[in-house]
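First up is the structure itself, then whatever we jot down about it.
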């Protein structure tokens, strides 16, 4: 599989139809992931974590190398995420910029082993002053080798999602 250059991504279509579905009920026919953990308390902690997430901090903090078309995630930003020997191309499909919920979701592009979408976010719960890191995703195999690896790829996705949450 040829590694794509960041400059080659702008004309590529997303590899799935349910764009934006991590914002609501996850679509049927996909593997679903939702990881969430309390990461601190207070508005200051929320703002710090939100700033980190928007600058690809969940990905980098989990050990991924990130090459992106923007320093801060924005709709249309293209990104190549490399974790170990695997590099995957994605595009930011929406951004959350609410007072108590911030983050972004990206979708898969051709060359990614999976098809689907992943949301990286932080949420502030004013009721108990707690800040949560969250990862929500839906995916299915998009390459022959990910289908062949079957359950292993699902396990890897869960492990990496936990790393993303701990990274913030």
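Can you name every residue in segment 32-51 that is outside any helix (DSSP H, G or I) and under 12 Å from residue 123 (Cα atoms)?
36, 37, 38, 39, 40, 41, 42
Quick one: would you say residue 127 is out of contact with any strand residue (DSSP E or B) (no Cβ under 9 Å at 6 or more places or on another chain), modelled with pLDDT of 95 or more and on the phi < 0 side of the Ramachandran plot?
yes
Kindly list, by first and then second residue, each pair from a residue in segment 57-73 that is farther than 13 Å from residue 87 by Cα to a residue that is in a helix (DSSP H, G or I), limited to pairs with Cβ atoms under 6 Å and residues at least 6 apart or on different chains.
58/164; 58/167; 61/167; 62/163; 62/164; 62/167; 72/54; 73/54
Scanning for something modelled with pLDDT under 80 and either under 16 Å from residue 16 (Cβ atoms) or in contact with a helix residue (DSSP H, G or I) (Cβ under 9 Å, 6 or more places away or on another chain) (or both), does segment 113-120 turn up at least one residue?
yes
Among (1) in contact with a strand residue (DSSP E or B) (Cβ under 7 Å, 6 or more places away or on another chain); (2) assigned to a loop (DSSP other than H, G, I, E, B), where does residue 72 come up short?
(1)
Taking segment 109-138 on its own, how many of its residues are without any contact (Cβ under 8 Å) to a residue 60 or more places away in the chain and closer than 26 Å to residue 7 by Cα?
Count: 2.
Please determine whether any residue of segment 40-54 is touching a residue at least 60 places away in the same chain (Cβ under 8 Å), surrounded by 20 or more Cβ atoms within 10 Å (Cβ to Cβ), in contact with a strand residue (DSSP E or B) (Cβ under 8 Å, 6 or more places away or on another chain) and more than 17 Å from residue 136 (Cβ to Cβ).
Yes, the conditions are met somewhere in segment 40-54.
The values are calculated or read from the model by the stated rules, or taken from the named source; none is laboratory data. Predicted, not measured: the structure shown is a model, and the values here were computed from it. FYI the Cβ positions are ideal-geometry reconstructions off the backbone, even for glycines, and counts take in every protein chain you see.
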